[in-house]
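Working notes for the structure below.
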Amino acid sequence: MIEQDKIAEQVRMCAACPKMCRHVCPTFFAWRSDAPTPHGRALLLHQEIVGTRKIDERGVEVLYQCLECSHCLTWCKPEIDIATFVELKRQELVKSGQQPKGISQLTSLVSAMHNPFDEDHSKRNMWIKISKSKGPKVLYFTGCTAAYREKDSAQDTVYLLELLGYSVEVTPDEWCCGSPLIRTGDIETGLKQAAHNVEVLNRVDAEEILVTCPGCYRVLTTDYTENGYVLNKPVLHISEFLAKSLDKLPVGKCDRLVSFHDPCHLGRHSGIYQAPRDVITQVCGVAPVEMDRNKENAMCCGNGAGLRTLFPEYAKKIGAERIRQAKNVDAKYLVTSCPFCKEMLDAQSDELLTVLDLPEFVMQFGKGRDVKTD
Ligand code: SF4
Ligand code: SF4
């Protein structure tokens with residue numbers, strides 16, 4: 001837990017900064033305004049601490065316009081962690097009932113349906129085709145986006161694991177991992193999901209838990225443990241998992257340029273940059289072409305930390321910019337390693353650029369055929 005004095009000192013420093021990082025903030029790009037920037041948010045927090053301004057409706061809006069992408073942190077010489085301060089303030093706003101209506105609705109949905117999409121829980125992941133093969137058992141935690149919105153990605157994940165010789169388990173009892181709630185300030189309800197999931201996942205007989213969604217990965221490996229919810233099996237992201245078996249991956253042929261989009265929760269928040277690139281290189285025979293903004297400097301897809309829920313048009317604007325950046329390096333395929341990023345980027349793309357989640361990419365290219373878009 002960060003001490004209040006430290007937060008006060010850091011937001012004071014940031015409020016007085018010449019805004020060195022503003023140009024990388026995706027919400028500055030989207031709104032073209034000084035308020036939804038790292039400096040703008042710190043100024044709000046500083047003014048509240050010194051008693052010159054209360055967080056009013058506009059303040060709440062600015063605090064919920066942050067993607068918590070932590071891109072500003074990579075540019076900040078004094079290493080001021082605006083995303084964490086924003087999340088802590090959101091927790092206070094939720095406690096005092098000042099959160100936006102869309103966030104309360106998100107809490108109600110996840111509490112009632114166990115997913116943020118208002119989908120039937122009984123249809124979560126039992127549709128996935130699994131052949132009861134022999135081999136080391138791996139538990140695939142599907143996550144809400146793959147289970148309900150990116151089903152090809154979920155199914156390809158299972159096919160791929162089976163191709164590598166694993167026996168795959170999924171459990172119909174898994175709930176939303178809690179990430180959408182934890183990142184938007186409702187830590188209490190988020191941790192109820194954690195308590196349930198830990199209980200359910202610990203009962204499954206498997207050697208490892210595999211996740212494809214970096215949002216799930218971050219909460220399962222960090223937020224759960226920090227709050228005392230401990231899983232009894234190691235948790236791996238699909239990119240790390242595949243990178244451990246590079247020589248077993250199906251090898252294909254890519255005759256067009258492939259680029260990679262780093263999901264914020266995988267890259268800046270979990271430090272995994274190389275594994276998905278190694279997988280693409282192995283499958284393709286050539287390394288992905290890098291966009292100007294890559295790895296620590298990658299731009300967020302626009303989906304993070306409730307932005308799409310509250311400000312869908314601005315979220316899409318950010319996603320469309322990321323697509324433009326991929327087209328700018330002549331990529332014909334944009335691979336990501338996150339069903340949530342994939343959904344956003346795919347919706348902003350067109351027939352000139354195909355967006356794929358990593359398991360889909362490996363399955364499609366690894367079959368020895370290039371995926372044609374025209
Ligand atoms: S986050 Fe760091 S670089 Fe950005 S405005 Fe604040 S102090 Fe300056
Ligand atoms: S975390 Fe991302 S969206 Fe939030 S202030 Fe920093 S760069 Fe901007």
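How many residues does region 1-22 contain that are outside any loop (DSSP other than H, G, I, E, B), over 19 Å from residue 307 (Cα atoms) and within 11 Å of ligand 1 (Cβ to nearest atom)? The total comes to 6.
Of the helices (runs of 4 or more DSSP H) lying entirely inside region 55-95, those containing at least 3 residues that are within 14 Å of residue 22 (Cα to Cα) and under 22 Å from the mean Cα position of the chain (by Cα) are 71-75. Among the residues of region 19-33, those that are in contact (Cβ under 8 Å) with a residue 12 or more places away in the chain and on the phi < 0 side of the Ramachandran plot comprise 20, 21, 22, 24, 25, 26, 27, 29, 30, 31.
Restricting region 295-339 to residues that are closer than 19 Å to residue 354 by Cβ and polar (S, T, N, Q) leaves a set whose member that is surrounded by the fewest Cβ atoms within 10 Å (Cβ to Cβ) is 328.
Pairs are defined by a Cβ separation below 7 Å, a sequence spacing of at least 6 or placement on different chains, a first member in region 70-81 that is under 14 Å from residue 24 (Cα atoms), and a second member that is in a helix (DSSP H, G or I) and more than 10 Å from ligand 2 (Cβ to nearest atom); the pairs so defined are 74/296; 74/297. Annotation for region 208-218: no member residue is of a type in the set (Lys, Arg) and in contact with a strand residue (DSSP E or B) (Cβ under 9 Å, 6 or more places away or on another chain).
Yes/no matrix, rows are residues, columns are (1) in the same structural domain as residue 62 (by TED's automatic domain parsing); (2) of a type outside the set (Ser, Thr, Tyr); (3) in contact with a His (Cβ under 9 Å, 6 or more places away or on another chain); (4) over 26 Å from residue 116 (Cα atoms):
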{"residue": "289", "(1), (2), (3), (4)": "no, yes, no, yes"}
{"residue": "295", "(1), (2), (3), (4)": "no, yes, no, yes"}
{"residue": "309", "(1), (2), (3), (4)": "no, no, no, no"}
{"residue": "313", "(1), (2), (3), (4)": "no, yes, no, no"}
{"residue": "316", "(1), (2), (3), (4)": "no, yes, no, no"}
{"residue": "333", "(1), (2), (3), (4)": "no, no, no, yes"}
{"residue": "337", "(1), (2), (3), (4)": "no, no, yes, no"}
{"residue": "341", "(1), (2), (3), (4)": "no, yes, yes, no"}
{"residue": "345", "(1), (2), (3), (4)": "no, yes, yes, no"}
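Taken residue by residue, region 37-47 has at least one member that is in a loop (DSSP other than H, G, I, E, B) and buried (at least 22 other Cβ atoms within 10 Å of the Cβ). Quickly run through region 190-232 and pick out the residues that are part of a helix (DSSP H, G or I), crowded, with 17+ Cβ neighbours inside 10 Å and either at pLDDT below 95 or of a type in the set (Ser, Thr, Tyr) (or both). Across region 190-232, the qualifying residues are 217, 221, 224. Name the single residue that is farthest from residue 305 (Cα to Cα) among those in region 82-110 being more than 13 Å from ligand 2 (Cβ to nearest atom) and hydroxyl-bearing (Ser, Thr, Tyr). Of everything passing the filter in region 82-110, 96 is farthest from residue 305 (Cα to Cα). Note on region 23-36: residues that are closer than 30 Å to residue 227 by Cβ and in a helix (DSSP H, G or I) total 2. Residues that are within 25 Å of residue 226 (Cα to Cα) and in contact (Cβ under 8 Å) with a residue 24 or more places away in the chain were ranked within region 1-18; the one that is surrounded by the fewest Cβ atoms within 10 Å (Cβ to Cβ) is 2.
In region 233-262, the residue that is surrounded by the most Cβ atoms within 10 Å (Cβ to Cβ) out of those that are closer than 24 Å to residue 164 by Cβ and hydroxyl-bearing (Ser, Thr, Tyr) is 239. The set of residues in region 63-110 that are buried (at least 20 other Cβ atoms within 10 Å of the Cβ), among the basic types (Lys, Arg) and more than 16 Å from ligand 1 (Cβ to nearest atom) contains only 90.
Screening the candidates 326, 315, 331 for the property of being part of a helix (DSSP H, G or I), at pLDDT 95 or above and within 20 Å of residue 286 (Cβ to Cβ) yields one hit, 326.
The values are calculated or read from the model by the stated rules, or taken from the named source; none is laboratory data. All figures in this text were calculated on a predicted structure; none of them were measured in a lab. A quick note on method: Cβ atoms are made from the backbone with ideal geometry, for glycine too, and the neighbour counts reach across all protein chains shown.
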